[in-house]
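Comments concern the structure below.
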Amino acid sequence: PAIMRPGRLDQLIYIPLPDEGSRMNILKSCLRKSPLSPEVDLQHLAKHTPGYSGADLTEICQRSAKMAIRESIEREIEFEKEREAAGADAAMDTGDVVDPVPEITKAHFEEAMKFARRSVNDADIRKYEMFSQTLQQSRGFGNNFKFPEGGVGGGTQPAAAGGGNFQPAAGADDEDEDLYN
């Protein structure tokens with residue numbers, strides 16, 4: 001097709017799905033500003049998410065964080081209802097209120113993983129790899145191009161060292177100032 005002609009999309013870059021180490025770095029990056037419980041083992045999560053893209057992992061992290069926030073809001077609403085039911089005496093003890101869900105826990109990740117899905121399946125990966133190989137072959141990448149033996153023009157005499165057949169311009173004398181010095 002026209003879009004694949006030289007000068008339009010000259011480079012096809014295939015970026016494979018992240019390996020375990022890359023998935024670990026993606027998870028850390030997504031959660032760098034989030035309060036994460038020490039019980040959460042990101043290495044375990046990275047190990048059990050092969051085939052997931054960076055976007056897939058980001059979705060898992062965001063869903064976990066939203067679950068933690070939602071749970072915190074629900075607990076706060078319950079606390080407010082209990083305080084109102086207790087009356088005026090409970091209204092004085094607001095200084096001791098602790099956030100019931102101050103961090104993202106294993107339970108949040110486990111629930112998020114129930115909704116997780118891979119956005120790129122194995123058949124699509126094979127198609128991308130085949131397309132990459134086909135495009136490289138059609139553009140001549142990997143051929144065995146060589147210059148002809150014997151120098152410029154295919155002759156048997158190689159060009160002389162130090163500039164070949166360079167002749168100074170007519171009328172040039174040695175007393176002219178050198179442009180580069």
- Message: Looking only at region 128-161, how many residues end up being surrounded by fewer than 12 Cβ atoms within 10 Å (Cβ to Cβ), modelled with pLDDT of 75 or more and not in a loop (DSSP other than H, G, I, E, B)?
- Response: 2
- Task: Give the residue that is surrounded by the most Cβ atoms within 10 Å (Cβ to Cβ), with candidates limited to residues of region 53-87 that are out of contact with any helix residue (DSSP H, G or I) (no Cβ under 7 Å at 6 or more places or on another chain) and of a type in the set (Ser, Thr, Tyr).
- Result: 53
- Exclusive hit being within 30 Å of residue 134 (Cβ to Cβ), at pLDDT 95 or above and hydrophobic (A, V, I, L, M, F, W, C), set 104, 26, 60: 26
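The values are calculated or read from the model by the stated rules, or taken from the named source; none is laboratory data. Predicted, not measured: the structure shown is a model, and the values here were computed from it. When we count neighbours, we look across all protein chains shown, and the Cβ atoms used for this are built from the backbone with ideal geometry, even at glycine.
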